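Chemist: What follows is a structure written as structure tokens; I'll ask about it next.
The values are calculated or read from the model by the stated rules, or taken from the named source; none is laboratory data. These figures come from a predicted structure and were not determined experimentally. Neighbour counts are summed over all protein chains in view; Cβ atoms, including those assigned to glycine, are modelled from backbone coordinates with ideal geometry.
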């Protein structure tokens with residue numbers, strides 16, 4: 001089977017991996033959130049969708065001795081990515097897939113995702129997680145896989161995780177352009 005660059009890029013875009021390969025997009029999205037300040041103006045998601053993303057994100061990366069996904073602001077980051085980096089078609093499909101996740105929760109547990117907590121939420125997430133890697137995905141499974149990729153990528157590119165957990169030095173050292181240079185000592 002012969003692949004050319006266009007086929008590869010097309011497959012990456014359809015698979016959701018293109019976002020993780022775009023240099024600097026995560027930092028740009030985090031910068032947009034920082035620039036928004038305390039306003040947290042929604043861009044693509046409504047309040048219910050943001051709450052659902054927070055619930056799923058915290059099921060994927062819960063609080064322990066490290067902050068949860070929502071603690072570091074991943075739901076807001078996902079909102080920026082969906083608004084600024086998804087095409088209209090992809091955004092519409094992603095939002096429909098989120099609705100399908102909620103419908104799956106309703107049909108399997110008898111309640112909307114927003115009201116499920118702990119033990120009631122676990123089977124829904126487990127059924128969605130079991131689909132990761134499958135070929136033919138339902139809309140709910142497809143939405144969950146894409147959301148999981150976004151949550152993990154957003155979490156590990158967030159400033160608190162980068163600095164406090166991963167100990168990444170954002171700007172190593174400091175620049176002092178007027179530092180005196182001592183002459184070499186001659187002995």
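Each row is one residue, and each column tells you yes or no for (1) modelled with pLDDT of 95 or more; (2) surrounded by 19 or more Cβ atoms within 10 Å (Cβ to Cβ); (3) more than 28 Å from residue 36 (Cα to Cα).
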position	(1), (2), (3)
71	yes, no, no
85	no, no, no
125	no, yes, yes
128	no, yes, yes
132	no, no, yes
166	no, no, no
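Chemist: When the stretch 129-141 is examined, which residues are found to be in a loop (DSSP other than H, G, I, E, B), without any contact (Cβ under 8 Å) to a residue 24 or more places away in the chain and under 21 Å from the mean Cα position of the chain (by Cα)? Step through it out loud before you land on a result.
Modeler: Step one: of the stretch 129-141, the residues in a loop (DSSP other than H, G, I, E, B) are 130-138.
Of the ones still in play, those that are also without any contact (Cβ under 8 Å) to a residue 24 or more places away in the chain are 130-137.
The answer is 130, 131, 132, 133, 134, 137.
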